[in-house]
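Asks: Right, I'll just put the structure down here and ask away after.
The values are calculated or read from the model by the stated rules, or taken from the named source; none is laboratory data. Note that the structure is a prediction, hence the values are computed from the model and not measured. So basically every Cβ, Gly included, is an ideal-geometry build from the backbone, and we count neighbours across all protein chains shown.
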Amino acid sequence: MRSILAASALAVLLTGCSGVESNDNHGYGYAYDLSSPDGTRLRNLPGSLELSQADFEDLIAEPYRATETCAQIVTGGPLVVAVIMDETGYATIGRGNTFLDTGLIRATPQSILDSRYYAGNPATGRLAGTSTLRHEFIHYLLAISGFPEDLNASHQSPLFKECSGL
Ligand SMILES: [Zn+2]
């Protein structure tokens, strides 16, 4: 009986549509719906945001590359999970957050859609406005580069202001 249960649990784990499924990563696993060659990935939770590949490139993958350029930290892109927000435009997580241990970013659909308006300077990647999504990308890039977690969590890097406006 025990082995039948184990086998069916494994089958559930293996039925994700793409990506490598996992049983953790803060409860989100590692599956994704869309990806770019640099490794930036998006998972849409049911009822959240459904993007085409072109919209994913415009709203997430390109702003991510611009943020890398601005920060001068180049690495593989993050996994972004689009979560459901409430009627105020905020989710219980706020507009976005980043898990510094695994690099997982959660963002509301509004935060993702807002990045359309802030393409930034193509040469420097710098931004005239503010972008929650880019703010989360900075958390991610600092975490990947080994910046101390406490300083990252308390925004003790000029890259937040320079590259995301907040
Ligand atoms: Zn922050």
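Asks: For region 147-158, how many residues meet the condition of being more than 11 Å from the ligand (Cβ to nearest atom) and either assigned to a helix (DSSP H, G or I) or modelled with pLDDT under 95 (or both)?
Replies: Total meeting the criteria: 3.
Asks: Output the residues belonging to region 48-72 that are surrounded by fewer than 20 Cβ atoms within 10 Å (Cβ to Cβ) and farther than 18 Å from LEU104 by Cβ.
Replies: GLU50, SER52, GLN53, ALA54, ASP55, GLU57, ASP58, GLU62, ARG65, THR69, GLN72
Asks: Check GLN72 against each of (1) at negative phi; (2) modelled with pLDDT of 95 or more and name the one condition it does not meet.
Replies: Every condition holds for GLN72 apart from (1).
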